[in-house]
Amino acid sequence: MTPETPPDDEPGSFHEPPTGFQRESVKLIASLIPLSSSAFYLVGPDILNRGAVLLNIDVADELTYQRKYRELDPLNPTLFAKSNEILVCIDDLLDEHALFQSRYYREFMRPLNHRHVADMFFRQGADIIAVLSMLRDAAHGPFSAAELALARKLHPFLQYALNAVYRPKRYHERETLAAVYRLTERETDVLEFVLGGASNKDIARELGLGLATVKTHLQHVFHKFAVPSRAALIARARSSIRG
């Protein structure tokens, strides 16, 4: 069986890896606090699921955010890495005039009808490892003090579950795939990005590699999994994780 040559920019399809904790967390928050949309995504290079669990957000829009607008986001978690903040509202960072004049709002938020955003940051030690983003359109109005207080009350439980149950399972999944298929550390990194729906160009950018190097790693992964395509690779990896 000869694997296909990985194309230069095969679009991510976000074949869904196990995301039960994220899905249930988003459902819980949305059942208690009215939202127009939400996203729960994991941060860092060592977790199997690199895709976000989305509520009323298109995958294409999430990809656009990651590729083009993440660095412009006033709530980008890298900006809060050295703080103890657990919940931040965009309205507390920028007044309405400044927000409306920003490129981030004009090019990304406004076309998607996003007006009010509050992000919950989850940490392991000092490191932010996940973000739950709550979004409202203008019709929903700003988040009230009572709603934000409720979100803060939920935060400790969600952070505990994330650290005590969810992340250890992801570490185990990574180690299992690497051991069973004899993957190198970098091949495992590439596999994780593929499982999250990333294109070759996305992987190259995130890992700081050349596109040709990414394609070589991916060919090695195809060979070790004995599969001819991304779809077959994802299916076999998920089957292996399920045991």
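The single condition from (1) assigned by TED's automatic domain parsing to the domain that holds residue 71; (2) surrounded by fewer than 17 Cβ atoms within 10 Å (Cβ to Cβ); (3) touching a Ser or Thr at 6+ places or on another chain (Cβ under 9 Å) that residue 231 fails is (1). In this structure, residue 202 does not satisfy being of a type in the set (Asp, Glu), in contact with a strand residue (DSSP E or B) (Cβ under 9 Å, 6 or more places away or on another chain), in contact (Cβ under 8 Å) with a residue 24 or more places away in the chain and under 24 Å from residue 71 (Cα atoms).
Based on this model, can you work out whether residue 57 counts as in a loop (DSSP other than H, G, I, E, B) and either closer than 14 Å to residue 29 by Cα or among the β-branched types (Val, Ile, Thr) (or both)? Considered against the rule, which asks whether it is in a loop (DSSP other than H, G, I, E, B) and either closer than 14 Å to residue 29 by Cα or among the β-branched types (Val, Ile, Thr) (or both), residue 57 comes out as yes.
Note on segment 157-181: among residues that are modelled with pLDDT of 90 or more and surrounded by 11 or more Cβ atoms within 10 Å (Cβ to Cβ), the one that is nearest to residue 242 (Cα to Cα) is 177. Filtering segment 190-208 to residues that are part of a helix (DSSP H, G or I) and over 15 Å from residue 225 (Cα atoms) leaves 193, 200, 201, 202, 203, 204, 205, 206, 207. If you go through segment 78-99 and pick out every residue that is surrounded by fewer than 16 Cβ atoms within 10 Å (Cβ to Cβ) and in a helix (DSSP H, G or I), you end up with 8. Just name the residue that is farthest from residue 66 (Cα to Cα) out of those in segment 111-139 that are surrounded by fewer than 14 Cβ atoms within 10 Å (Cβ to Cβ) and modelled with pLDDT of 95 or more. Here the residue is 139. What do you reckon, is residue 204 touching an Asp or Glu at 6+ places or on another chain (Cβ under 9 Å) and buried (at least 17 other Cβ atoms within 10 Å of the Cβ)? So residue 204 fails the test. Checking each residue in segment 100-110 for being surrounded by fewer than 20 Cβ atoms within 10 Å (Cβ to Cβ) and in contact with a helix residue (DSSP H, G or I) (Cβ under 9 Å, 6 or more places away or on another chain) picks out 100, 102, 103, 106, 107, 108, 110. The residue list 184, 188 contains one member that is of a type in the set (Ser, Thr, Tyr), surrounded by fewer than 22 Cβ atoms within 10 Å (Cβ to Cβ), under 22 Å from the mean Cα position of the chain (by Cα) and not assigned by TED's automatic domain parsing to the domain that holds residue 41, which is 188.
Yes or no: residue 67 more than 27 Å from residue 206 (Cβ to Cβ) and either surrounded by fewer than 17 Cβ atoms within 10 Å (Cβ to Cβ) or outside the structural domain of residue 28 (by TED's automatic domain parsing) (or both)? When the stated conditions are applied, residue 67 does not pass them.
The values are calculated or read from the model by the stated rules, or taken from the named source; none is laboratory data. Because the structure is predicted, anything quoted here is derived from the model rather than measured. Positions of Cβ are backbone-derived with ideal geometry, glycine not excepted, and every protein chain shown enters the neighbour counts.
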